[in-house]
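> A single structure is presented below for examination.
What follows is calculated from the coordinates using simple rules that are stated; it is not laboratory data. Everything quoted here is computed from the prediction, not taken from an experiment. Using ideal geometry, Cβ is built from the backbone for each residue, glycine included, and neighbour counts are taken over all protein chains shown.
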Amino acid sequence: MSVIELTIIILIGSYFAGLLGSLTGLGGGFIIIPLLTLLLHVDIHYAIGASLISVIATSSGSAAAYVKEGITNMRLGMFLEIATTAGAMTGAMLAIYTSTHYIAILFGLILISSALMSLRKKTGQITKHKSYLAEKLKLNSSYPTADGEVEYGVNNVAGGFFMMLFAGVISGLLGIGSGALKVLAMDSIMRIPFKVSTTTSNFMIGVTAAASAVVYLQRGYIDPGLSMPVVIGVLLGAMSGSKILVNSTSSKWIRVVFSVVVSVLAIQMIYNGIMGKI
């Protein structure tokens, strides 16, 4: 396979990874790492390094559009980033000393969990209850809809914060945005509207990935030749995804496609990890 052919494959794969990552708020790493390790046989540490760079690109490409539309809760995102950044640094340092076989198996398990989370039924209920801590930190906000501004309250701030700490560790360890855990924390634990939790997750994952990318960069696991087509493809996909999500009222079909693709990749990652092929 020539360099040009390899670059084109990575570009196309990265585009769809960025598109799905932006639409679901889960980041493009869920597709990038299996693409590089299973199809192109790249060492998983280098794949994680490229994935972290792609996650930063995903966040940069989609978060700007969401912030402009007024959907993202920036104050909440910056508060929760304290936990995710600390967790990401810890996870990245653990990954350096963890066997690639175990990383592949854990990655597959997280993929399956993410697929199930993306298919879970959303209640659609918006809570206006305002907790004491959310009031003090001024985390409650509103977002625009076709019927006007909708106000919502943030609940269980402490529970969401500790879930974000765990999400950060997973992000640093596996090289993904761990958006599934972020969306779960905000949607199910903190009772934030799904569209807000998805867009705020996109806003946060770039900072989380940047924190852990520093560790991989120092270890020499970020290859510019590999990361360049990944970043370009993911950035274009993320920008396309942000336009679709802003103008769409339902992304159910996207979650179904995402879950099917991710489940197949998860099984392959677990199998190859157990067999010692990664």
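> Between segment 140-176 and segment 198-234, how far is it from one alpha carbon centroid to the other, in angstrom?
Using only Cα atoms, the two centres lie 21 Å from each other.
> A follow-up question, please. Grab the Cα-Cα distance for I12 and W253, subtract it from 0.36 nm times how many residues apart they are, and report the gain in nm with one decimal.
The I12-W253 span can extend by a further 84.7 nm.
> While we're on this one: For K182, which aspartates and glutamates qualify as cross-link partners when the Cα separation must be under 16 Å and same-chain residues fewer than eight apart are set aside?
Answer for K182, where 16 Å is the Cα cut-off: E81, listed by chain and number.
> Okay, moving on. Out of segment 159-248, which chymotrypsin sites (Phe, Trp or Tyr not before Pro) are coil in DSSP terms and have no more than 14 other C-beta atoms within 10 Å?
Answer in residue order: no site qualifies.
> Need the C-alpha centroid separation for segment 1-16 versus segment 259-277, integer Å.
Cα centroid of segment 1-16 versus Cα centroid of segment 259-277: 21 Å apart.
> Now a separate question. Considering only DSSP states other than H, G, I, E and B, which chymotrypsin sites (Phe, Trp or Tyr not before Pro) in segment 58-109 qualify as loop sites with at most 15 other Cβ atoms within 10 Å?
For chymotrypsin sites (Phe, Trp or Tyr not before Pro) across segment 58-109 that sit outside H, G, I, E and B with at most 15 neighbouring Cβ atoms in 10 Å, the list reads Y97.
> Follow-up question, since we're still on this one. Once fully extended, how much extra length lies between E69 and L94, figured as 0.36 nm per residue of separation less the alpha-carbon to alpha-carbon distance?
Between E69 and L94, full extension yields an extra 5.2 nm.
> Roughly speaking, what is the stretch gain from Y271 to K243, that is 0.36 nm per residue apart minus the C-alpha to C-alpha distance, in nm to one decimal?
Extra length from Y271 to K243 when fully extended: 6.5 nm.
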